[in-house]
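The values are calculated or read from the model by the stated rules, or taken from the named source; none is laboratory data. This is a predicted model, so every value here is computed, not measured. As a convention, Cβ positions derive from the backbone with ideal geometry for all residues, glycine included, and neighbour counts pool all protein chains shown.
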């Protein structure tokens, strides 16, 4: 369902052979092999350079501080603000409101 079976891969291979031809695919694979070979040679040269270079001195270790010299971390104290009184306004009477009925 989600994977490709052997027949799918055979059909894909045939389509690639038809599109590119046998000669072009062999050229591509030859170039790919040369690239891998040059990559391996570069890695071997780099690792050889590491062994012949001057050794690196190890980093200096920092002496540990005594436990009593460390100040404790204290969170800041936040005081709540005083509540603010908000005036409440009543809606103004409209022209349609009757003073006697309130409607």
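Every test in (1) modelled with pLDDT under 70; (2) exposed (fewer than 10 other Cβ atoms within 10 Å of the Cβ); (3) in a loop (DSSP other than H, G, I, E, B) is passed by residue 68 save one, and that test is (3).
Quick one: is residue 60 at pLDDT 75 or above and not in a helix (DSSP H, G or I)? Spelling it out, residue 60 is indeed at pLDDT 75 or above and not in a helix (DSSP H, G or I).
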